[in-house]
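The values are calculated or read from the model by the stated rules, or taken from the named source; none is laboratory data. This one's a predicted model, so the numbers in the text were calculated from it and none came from an experiment. All Cβ positions, even for glycine, are placed from backbone atoms using ideal geometry, and neighbour counts span all protein chains on display. For the accessible areas, the whole protein counts, side chains as well, though only heavy atoms, and no ligand, DNA or RNA atoms are used. Shrake-Rupley method; radii C 1.70, N 1.55, O 1.52, S 1.80 Å.
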Amino acid sequence: MALFNITDMTYRGYQWTAYPNDNPKVTGNPDSTRFSRHEGYEVLYLINTLANGWNLSKVSDCQKMEKMIQEGLPSTTIMQVDVKEWIRINWINNKE
């Protein structure tokens, strides 16, 4: 079960375009495909993947990641794996 849901998101104006399950872009892991901070499903997926991998249990931590993506993610960071790494580095730096 996902920790972070649509109703938990604090930013509005997302697009909600779902890919069919058989779409080759859907691999089940953050990969080298493009990431859109404007696509709600992509933001939810990435946040939940990281929250699960880091054993986070607070919705507020997920909302913090959402804020990082919406307000701090450089426009030049566009691949899912690069966004994941950027969040990881900045998450660690903000915890110290």
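Couple of notes before you dig in:
- Which numbered condition W86 misses (of (1) surrounded by 14 or more Cβ atoms within 10 Å (Cβ to Cβ); (2) in a loop (DSSP other than H, G, I, E, B); (3) at pLDDT 90 or above): (2)
- Any hit, region 53-66, residues being out of contact with any Lys or Arg (no Cβ under 6 Å at 6 or more places or on another chain), at positive phi and either modelled with pLDDT of 95 or more or not aromatic (F, W, Y) (or both): yes
- When residues of region 41-57 are limited to those that are open to solvent by 70 Å² or more (accessible area, probe 1.4 Å) and without any contact (Cβ under 8 Å) to a residue 40 or more places away in the chain, the one nearest to Q15 (Cα to Cα): Y41
- Pairing each residue of region 60-81 that is within 14 Å of L44 (Cβ to Cβ) and open to solvent by less than 60 Å² (accessible area, probe 1.4 Å) with any residue that is modelled with pLDDT under 95 and aromatic (F, W, Y), provided the two are 6+ apart or on different chains, yields C-beta distances under 7 Å for Q80/F35.
- Matching residues in region 6-43 - criterion: being in a loop (DSSP other than H, G, I, E, B), modelled with pLDDT of 90 or more and among the β-branched types (V, I, T): T10
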